[in-house]
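Notes follow the structure.
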Amino acid sequence: MSFGLKDIPNLISIARILLSLPVAYLLLEERFSEALLLFFIAGVSDALDGFLAKRFGWHSRLGSILDPLADKMLLVTSYLCLAWVEVIPLWLLLMVFGRDLIIIIGGLAFHWLIGRFEMAPTWISKINTALQIALVLALVLSNGLYPLPGGLLTWLVYGVSVTTVLSGLDYIWTWGRKAYLIRKKNR
């Protein structure tokens with residue numbers, strides 16, 4: 001198997017997936033400052049692979065899967081570990097995982113029962129992801145380098161919970177409606 005320049009964004013995404021392992025270790029060891037450094041590296045790598053893919057047209061089906069998978073792996077790992085060390089509430093972890101599970105099951109059901117499933121994040125989903133990332137960064141920063149005001153952290157926790165519910169409902173509505181319209185058209 002040979003790799004060319006067009007494969008660089010995919011290799012960066014794979015490296016970001018692998019980066020979730022040391023992040024998990026550092027969070028579980030409560031070495032928040034070092035975990036923050038790895039988050040920074042992950043953020044830079046995410047921006048870099050996106051820039052390279054857009055600038056040079058190095059898009060691929062694999063890349064369209066790897067990039068969001070890398071982001072999700074880092075978030076899932078972070079939420080699991082932060083809940084384990086009791087930095088985020090367990091109910092929030094369950095809520096975030098429940099939403100993701102609903103999306104995965106719904107996507108698979110759509111693919112098997114209706115047809116090809118092309119993931120298209122909605123505005124509320126993007127806000128939810130941004131808030132999830134902001135919460136992780138704020139908690140890691142607050143526990144590692146610089147304590148943040150409790151009110152800000154509470155606002156982020158509730159912001160994530162509200163947008164998680166809204167995003168989950170939006171996915172159910174959007175994809176349920178698409179499935180209904182496709183099935184109705186094919187009758």
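The values are calculated or read from the model by the stated rules, or taken from the named source; none is laboratory data. Everything numeric in this text was worked out from a predicted model, so none of it was measured. So basically every Cβ, Gly included, is an ideal-geometry build from the backbone, and we count neighbours across all protein chains shown.
Data overview
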| quantity | calculated |
| --- | --- |
| Options 34, 86: the member that is on the phi > 0 side of the Ramachandran plot and not aromatic (Phe, Trp, Tyr) | 86 |
| Test: residue 105 is part of a loop (DSSP other than H, G, I, E, B) and modelled with pLDDT of 90 or more | no |
| Positions within the range 1-51 being more than 18 Å from residue 139 (Cβ to Cβ), in a helix (DSSP H, G or I) and more than 20 Å from the chain's Cα centre (by Cα), in sequence order | 5, 6, 7, 8 |
| Count of the range 110-128 residues which are modelled with pLDDT of 90 or more and surrounded by 13 or more Cβ atoms within 10 Å (Cβ to Cβ) | 4 |
| Residue satisfying all of: in the range 1-41; without any contact (Cβ under 8 Å) to a residue 40 or more places away in the chain and among the hydroxyl-bearing types (Ser, Thr, Tyr); farthest from residue 84 (Cα to Cα) among these | 2 |
| Within the range 53-71, tally of residues that are part of a helix (DSSP H, G or I) and surrounded by fewer than 17 Cβ atoms within 10 Å (Cβ to Cβ) | 9 |
| Unmet criterion (only one of (1) surrounded by fewer than 17 Cβ atoms within 10 Å (Cβ to Cβ); (2) not assigned by TED's automatic domain parsing to the domain that holds residue 15) for residue 43 | (2) |
| Lone qualifier among 141, 131 - being surrounded by 13 or more Cβ atoms within 10 Å (Cβ to Cβ), assigned by TED's automatic domain parsing to the domain that holds residue 99, over 18 Å from the mean Cα position of the chain (by Cα) and closer than 24 Å to residue 23 by Cα | 141 |
| Long-range neighbours under 6 Å by Cβ, at least six apart or interchain, first residue within 19 Å of residue 117 (Cβ to Cβ) within the range 52-69, second surrounded by 17 or more Cβ atoms within 10 Å (Cβ to Cβ) and of a type in the set (Ser, Thr, Tyr) | 66/13; 67/13 |
